[in-house]
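Worksheet for the structure shown next.
The values are calculated or read from the model by the stated rules, or taken from the named source; none is laboratory data. In this text the structure is predicted, and so the values were computed from the model without any measurement. Surface accessibility is based on the protein's heavy atoms, side chains included, excluding ligands, DNA and RNA. Shrake-Rupley method; radii C 1.70, N 1.55, O 1.52, S 1.80 Å.
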Amino acid sequence: MSGEHTLTSTDQDLTGDAPEPSGHTGTGDTETGDTDTGRAASGPPKPGADDTGGERDEGTKGAVLVALGANLVIAAAKTAAGLFSGSPALLSEAAHSVADSLNEVFLLLSLRRSRRAPDSDHPFGYGKERYFWSLLAAVGIFVLGGCFSFYQGIHALGGTEDESRSGYVAGLAVLLIALLAEGASLLKAVVQARRSDEGADDPALRTVLAEDSTAVIGVLFAAAGMVIHMTTGNALGEAIASMAIGALLMVVAFTLGRTAHHQLIGVSVDAELRDGIRELLLGQGEIDTVEELLTMRLGLDSTLVAARIDLVGGLDSERVEEVSLRIRRDIHAKWPTADRVFLDITDAGTEREARTTRERRAIDSDASTPEPEHRQ
């Protein structure tokens, strides 16, 4: 559609009736702005209005609460048994449970804060709060769990003092109870992940799954180290167990942190969904070409879709507005989380020429950059 450029958005209610065409069209090469057509004050569906998202969050909240309750009780029992027995492996597990308890508080905060409605300061909502608090949880696992466990392992290499065989027996009993409790919490999280459409993509649920899985493995490591220490009288096995727990926690924390970082800085939807949106756009009779399609996850229930399209010729401004609204509604109906859809109507020839110019400038800039001199 040569010579016209219109920007439209889904900041209106996609489920309501179509607004009266305003006849608004623009010219020039505007990339973004508030020159939206048919914009209404009702806004997109507010967080919490989606029953599916609310039910999912309630299930995730239940899994987090179960994990929190189990970890608080287990942390107290492990600490008492660890101090009584002098077992470094048991103290490492106590630190692990304390870190997990703190992290579950972070996750509960993320569930509550991420459901807040968009406002003037955060027009795209608070969905990324989940990723921020998950990042803090990963830091907590690394520092409180991983580093302290490593410290206990190194300290144990120098020998342990005030060892108590009866204390070790009590410690093993505590670990058995912890194994059962952590296993039950893990089972609850797995069931919730299977029920949820997002599965482990939910950062809060993913963190609980990672914490409970490592807790089960950590308990087995600690028990093995304590048994070796009791049977051989050598603290080396228990020291290795403590450092193994620390290494495991650090790996898990790094993995969770990297994923949260990836989502915080902005990640596109998966290729299958992106291709589906492109296919839907190209299937519209009024669209000639799709010059560019950009997507970004704004949260579990919100996705930004920005498409630069060229329409067929002969459409007046009212028809353009009607087509744009229909396309946005079709996208939202097929993918309900795509609640932020922007259609940038441009001319294909002009757009490709501008893209070629930008690429040439980038190449010329790289070629004109002098190479650093090497001293001999």
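Data overview
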{"read-out": "In sequence order, calculated HN-Hα J values of segment 142-154 (Karplus, 6.51, -1.76, 1.60; Hz; x Gly/Pro)", "value": "5, 6, 6, x, x, 5, 5, 5, 4, 4, 5, x, 5"}
{"read-out": "³J(HN,Hα) computed for each position of segment 324-333 - Karplus, 6.51 cos²θ - 1.76 cosθ + 1.60, integer Hz, glycine/proline x", "value": "4, 5, 5, 5, 5, 5, 5, 5, 5, 5"}
{"read-out": "Where Rh is the Kirkwood radius over Cα pairs, Rg/Rh for segment 139-288", "value": "1.21"}
{"read-out": "Karplus-derived HN-Hα couplings along segment 232-247 (A = 6.51, B = -1.76, C = 1.60, θ = phi - 60°), whole Hz, x at Gly and Pro", "value": "9, x, 9, 7, 4, x, 6, 5, 5, 4, 5, 5, 5, 4, x, 5"}
{"read-out": "Of all accessible heavy-atom area on segment 124-246, the percent that carbon and sulfur account for (1.4 Å)", "value": "69"}
{"read-out": "Amide proton proximity set for Leu298, modelled H, under 5 Å, gap of 5+", "value": "Thr303, Leu304"}
{"read-out": "Built amide H within the under 5 Å cut-off of Ile309, gap 5+", "value": "Glu291, Asp344, Ile345, Thr346"}
